[in-house]
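Undergrad: Have a look at this one.
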Amino acid sequence: MFGKEPTGKNLLDPRRLPAHVAIIMDGNGRWAKRRLMPRIMGHRQGVKTVKEIVTAARELGISYLTLYAFSTENWNRPRQEVESLMDLLHQYLLQEAAELLGKRIRLNAIGELHRLPDRVRRCLKKVMQDTAGNDEMVLTLALSYGGRQEIIDAARRFASLCVQGEARPEDLDISLFSSLLWTGEMPDPDLIIRTSGEKRLSNFLVFQAAYSELVITDTLWPDFHRNEFEQALLEYQSRERRFGMTSEQLLCENA
Ligand code: IPE
Ligand code: IPE
Ligand code: MG
């Protein structure tokens, strides 16, 4: 009688969307376990959610979407699960290449990519090259990714710049250090979403997350749909990002 409930999208302020949303896609294993299915079925269902959320983010006008798909620590899982995850990643890249091109989405990847199987790395490289000119959204997959490893890699790169005489230790500041991270030119994530209720970063973007807003939902990743993504964006828009200042200062700044 009163029409449909307003969706999150209708309530969202398009001028205050986060530029960069990063998601810790967690809970695939538990989703499968609850259904007495093998864990891989949860990962398979999780790929469907990836497709739905990539489409939603692009339609909503998010500029950068970063998905934590496989951590450096995930290499320690049983060999069979790791192999299945690599297969799923390969299939995803093969299936989605045309879709990403059509939607003008640029694919990017961060992590210790040399540790990925050759066939996956080659495919990833090809899709990244093919979509390099796209400008609607940057989709970054964090693969074999570890935030601490990324920081150490950046520190090593800075040290070698110093050894080569191209930089001095006193040149190092947050902006220079950020540019040496694998996330390079990307802005820091404004919003980090974690599904499945775990309240930790699990080595995700540890340097970049300094001032990110965190939204944690109990929903398992395979059950995370567009509507809940929009709810997370709404939650983000209800937060006051103070960056160490007071509310009063922010009011003056925005006046
Ligand atoms: C997230 O789901 C996917 C990866 C880490 C690759 P999990 O596999 O961690 O699922 P849970 O946490 O065991 O439920
Ligand atoms: C974090 O999930 C990594 C990804 C989502 C890819 P995990 O399931 O590996 O994290 P922990 O082990 O619970 O911290
Ligand atoms: Mg997990």
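Undergrad: Any residue that is over 19 Å from the mean Cα position of the chain (by Cα) and surrounded by fewer than 19 Cβ atoms within 10 Å (Cβ to Cβ) - is there at least one of those in segment 102-110?
TA: yes
Undergrad: Still on this model: So L124 fits all but one of (1) in a helix (DSSP H, G or I); (2) within 16 Å of ligand 3 (Cβ to nearest atom); what number is the exception?
TA: Among (1) in a helix (DSSP H, G or I); (2) within 16 Å of ligand 3 (Cβ to nearest atom), L124 violates only (2).
Undergrad: Applying the selection to segment 178-219, what residues are among the charged types (D, E, K, R), more than 12 Å from the chain's Cα centre (by Cα) and within 16 Å of ligand 1 (Cβ to nearest atom)?
TA: Answer for segment 178-219, where residues must be among the charged types (D, E, K, R), more than 12 Å from the chain's Cα centre (by Cα) and within 16 Å of ligand 1 (Cβ to nearest atom): E198, K199, R200, D218.
Undergrad: Tell me, which residue of segment 204-219 that is assigned to a helix (DSSP H, G or I) and surrounded by fewer than 16 Cβ atoms within 10 Å (Cβ to Cβ) is farthest from ligand 2 (Cβ to nearest atom)?
TA: Selected residue: Y211.
Undergrad: Can you name the residue in segment 59-83 that is within 20 Å of I110 (Cα to Cα) and part of a helix (DSSP H, G or I) and, of all such residues, is nearest to ligand 1 (Cβ to nearest atom)?
TA: N74
Undergrad: Something else now. Test R148 against the stated conditions and say whether it is of a type outside the set (A, V, I, L, M, F, W, C) and exposed (fewer than 15 other Cβ atoms within 10 Å of the Cβ).
TA: So R148 fits the description; yes.
Undergrad: Here's a follow-up. So the check is Cβ under 7 Å with 6+ separation or different chains; which pairs have a first residue in segment 170-197 that's without any contact (Cβ under 8 Å) to a residue 24 or more places away in the chain and a second one that's surrounded by fewer than 21 Cβ atoms within 10 Å (Cβ to Cβ) and assigned to a helix (DSSP H, G or I)?
TA: L172/F158
Undergrad: Which of the residues belonging to segment 187-203 are within 13 Å of ligand 3 (Cβ to nearest atom), surrounded by fewer than 22 Cβ atoms within 10 Å (Cβ to Cβ) and on the phi < 0 side of the Ramachandran plot?
TA: Within segment 187-203, E198, K199, R200, L201 qualify.
Undergrad: Inside segment 220-255, can you point out the residues that are within 30 Å of I40 (Cβ to Cβ) and more than 17 Å from the chain's Cα centre (by Cα)?
TA: Listed by number, the residues that qualify are D223, N227, Q231.
Undergrad: So which residues in segment 69-96 are more than 10 Å from ligand 2 (Cβ to nearest atom) and farther than 16 Å from D118 by Cα, if there are any at all?
TA: P78, R79, Q80, E81, Q95, E96
No lab work stands behind these numbers, since they all come straight from the coordinates. What you see is a predicted model; the values in this text were computed from it and never measured. Glycine gets a Cβ as well: all are built from the backbone with ideal geometry, and neighbour counts include every protein chain shown.
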